1. Residue 59 is checked against (1) closer than 14 Å to residue 107 by Cβ; (2) at pLDDT 95 or above; (3) crowded, with 17+ Cβ neighbours inside 10 Å and fails just one. What number does that condition carry?
2. Only one of (1) touching a residue at least 12 places away in the same chain (Cβ under 8 Å); (2) buried (at least 17 other Cβ atoms within 10 Å of the Cβ) fails for residue 96. Which number is that?
3. Of the numbered conditions (1) more than 19 Å from residue 31 (Cβ to Cβ); (2) outside the structural domain of residue 9 (by TED's automatic domain parsing); (3) of a type outside the set (Gly, Ala, Ser); (4) touching a Leu at 6+ places or on another chain (Cβ under 7 Å), residue 71 fails exactly one; give the number of that condition.
4. Looking at segment 47-99 only, could you name the residues that are of a type in the set (S, T, N, Q) and out of contact with any His (no Cβ under 9 Å at 6 or more places or on another chain)?
5. In segment 93-126, which residues are outside any helix (DSSP H, G or I) and either at pLDDT below 90 or polar (S, T, N, Q) (or both)?
6. Find all pairs meeting these conditions: Cβ atoms under 7 angstrom apart; at least six residues apart or on different chains; first residue within segment 108-122 and free of Cβ contacts under 8 Å to residues at least 40 places away in the same chain; second residue exposed (fewer than 15 other Cβ atoms within 10 Å of the Cβ) and not in a helix (DSSP H, G or I).
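The values are calculated or read from the model by the stated rules, or taken from the named source; none is laboratory data. All of these numbers come straight from a predicted model, not from anything done at the bench. Counting neighbours? That spans all protein chains shown, and the Cβs are built from the backbone with ideal geometry, glycine included.
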Amino acid sequence: MMSSFKKFWIMFSVGVPVGIVLCTLITIMTSSALSGDGALHYCAPELSQRFGSEGLAILIQSAVSGLYGGIIMGATVVYDMERWSLLRATSVHCLVTLTLYYTTGLLLCWFSFSDINETLLMFTIFVSVYVCIWLVNYAKYRIEIAKFNDELEKIKKEK
């Protein structure tokens, strides 16, 4: 069995490019639509203003979103902790993910805490996406467990 440390780094390395790609795609869709200037934005215009150039802002966005994706994927090792209940593992992973989501969002100018409606909208989006991903993974594991149990039953019957 793979150690949690090794699995963390494997998952982290998968999460980095996923985080970069998803963040870039989401930012292009939202920033371009919300800016109202008809231009294609690869990062939030506010982020470009903060760093003085779109190129530097995109580089920083890529680094931050890659780190975000890596940590979130790496943090899935909590589900492998045998002594932890599913509720405990999910709560810890969700708290880590939510904390990083807001930190990343503030760093990359996705929103500001000064607008409560925007903050609540971001929370609603987070919860909706998190629950959907969790349910898909839960269903996938339930199917795998059912197949495993069927195989065990076949082995028992053969003996």
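1. So the condition that residue 59 fails would be (3).
2. (2)
3. (2)
4. Correct list: 49, 53, 61, 62, 65, 85, 90, 91, 97, 99.
5. Correct list: 109, 110, 111, 112, 113, 114, 115.
6. Short answer, once both residue conditions are applied: 118/112; 119/113.
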